[in-house]
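J.: I have a structure here, written as structure tokens, and I will follow up with some questions on it.
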Amino acid sequence: MFSIAIDGPSGAGKSTVADILAEEYGFVHVDTGAMYRTIGLYLLRNQIDPSDENAVSKALCNLDLNVEYIDKKQHVYLNGEDVTPFIRTNEVSTYASKSSALKPVRDYLLDAQRNVAKKYNVIMDGRDIGTVILPHANVKFFMNASTESRAHRRHKELLEKGESITFEKVLSSMLERDKNDSSRKIAPAIPAEDSIPLDNSGPIEETIAFAKNVINERLGK
């Protein structure tokens, strides 16, 4: 199996780029962030403190999370419910960021993420794919973009989903999440030593073209 890891901070455009590349190469796109968001949604719905490791660990015993691919698109199921449309709110992002720093949460999802890569050729995006989940991935990218461009992208996405939120609130939340993700003790969001920087501040066509050149070289095309 061939695997591509795309890591980077929130709002860098990882999922969008991964979707395009997956379509181009006929790979499965594994959005690990959606899995963490699903856990965040469960904690939010059940009013569980996402920073309380004991409470979160107990909650995981009652949580059944499954991933299915419908027309090559990932859907996440929480206790049998397709929650894909409900996991992209700013509040769920906050719960996901805090709970993803906990070892029980990362352990809960580790095998599930690796098992998908054993079955399919994958493009997997997240925070620690190249460093922890798929350390032997054939290609590793670390994608970034300016903080303001990432915040504008996320703000637009939230407005399109009908959420009423200011750009300033999105920017503040993103800066806090960046700090949490990069400084946590367990699987911090940092580049793998052998990752290739991928800047997504400009036109996405340029990002895709650069990524394809790297992938084609590794595939021997």
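The values are calculated or read from the model by the stated rules, or taken from the named source; none is laboratory data. Values in this document were obtained by computation on a predicted structure and should not be read as measured data. A quick note on method: Cβ atoms are made from the backbone with ideal geometry, for glycine too, and the neighbour counts reach across all protein chains shown.
J.: Can you confirm whether the stretch 71-90 contains a residue that is of a type in the set (A, V, I, L, M, F, W, C), assigned to a helix (DSSP H, G or I) and either in contact with a helix residue (DSSP H, G or I) (Cβ under 7 Å, 6 or more places away or on another chain) or modelled with pLDDT of 95 or more (or both)?
T.: Within the stretch 71-90 (the criterion being of a type in the set (A, V, I, L, M, F, W, C), assigned to a helix (DSSP H, G or I) and either in contact with a helix residue (DSSP H, G or I) (Cβ under 7 Å, 6 or more places away or on another chain) or modelled with pLDDT of 95 or more (or both)), the answer is yes, since at least one residue qualifies.
J.: What about Ala187, is it more than 21 Å from Thr89 (Cβ to Cβ), at pLDDT 90 or above and either within 16 Å of the chain's Cα centre (by Cα) or not in a loop (DSSP other than H, G, I, E, B) (or both)?
T.: No: the conditions fail for Ala187.
J.: If you take the residues in the stretch 136-156 that are modelled with pLDDT of 95 or more and not polar (S, T, N, Q), which one is farthest from Lys14 (Cα to Cα)? Walk me through it before giving the result.
T.: Residues of the stretch 136-156 modelled with pLDDT of 95 or more: 136-142.
With the extra rule that they be not polar (S, T, N, Q), the set shrinks to 136-137, 139-142.
Working: His136: 19, Ala137: 16, Val139: 14, Lys140: 12, Phe141: 10, Phe142: 9 Å.
Selected residue: His136.
J.: Still on this structure, please answer the following. If Gly202 passes every condition in (1) within 19 Å of Val139 (Cα to Cα); (2) modelled with pLDDT of 85 or more but one, which one does it miss?
T.: For Gly202, the exception is condition (1).
J.: A further question on this structure: Looking at Asp7, Asp49, can you tell me which residue is in contact with a Phe, Trp or Tyr (Cβ under 7 Å, 6 or more places away or on another chain) and either at pLDDT below 90 or under 23 Å from Ser172 (Cα atoms) (or both)?
T.: Asp7
J.: I need a count of the residues in the stretch 146-162 that are under 18 Å from Ala34 (Cα atoms) and either of a type in the set (A, V, I, L, M) or part of a loop (DSSP other than H, G, I, E, B) (or both).
T.: 2
J.: In this structure, is Asp128 within 26 Å of Arg45 (Cβ to Cβ) and touching a Pro at 6+ places or on another chain (Cβ under 9 Å)? Reasoning before the result, please.
T.: Working: within 26 Å of Arg45 (Cβ to Cβ): yes; touching a Pro at 6+ places or on another chain (Cβ under 9 Å): yes.
Against the criterion (within 26 Å of Arg45 (Cβ to Cβ) and touching a Pro at 6+ places or on another chain (Cβ under 9 Å)), Asp128 qualifies.
J.: Among the residues of the stretch 32-65, count how many are over 18 Å from Gly80 (Cα atoms) and either without any contact (Cβ under 8 Å) to a residue 12 or more places away in the chain or of a type in the set (D, E, K, R) (or both). Walk me through how you get there before you give the answer.
T.: Residues of the stretch 32-65 over 18 Å from Gly80 (Cα atoms): 32-33, 47-58.
Subset that is either without any contact (Cβ under 8 Å) to a residue 12 or more places away in the chain or of a type in the set (D, E, K, R) (or both): 47-49, 52-55, 58.
Matching residues across the stretch 32-65 total 8.
J.: Is it the case that some residue within the stretch 130-145 is in contact (Cβ under 8 Å) with a residue 12 or more places away in the chain, touching a Lys or Arg at 6+ places or on another chain (Cβ under 6 Å) and in a helix (DSSP H, G or I)?
T.: Yes - at least one qualifying residue is present in the stretch 130-145.
J.: Can you tell me which of Ile186, Ile123 is in contact with a helix residue (DSSP H, G or I) (Cβ under 7 Å, 6 or more places away or on another chain), surrounded by 15 or more Cβ atoms within 10 Å (Cβ to Cβ) and of a type in the set (A, V, I, L, M)?
T.: Numbers: Ile186 fails: surrounded by 15 or more Cβ atoms within 10 Å (Cβ to Cβ).
None of the other options fit; the residue is Ile123.
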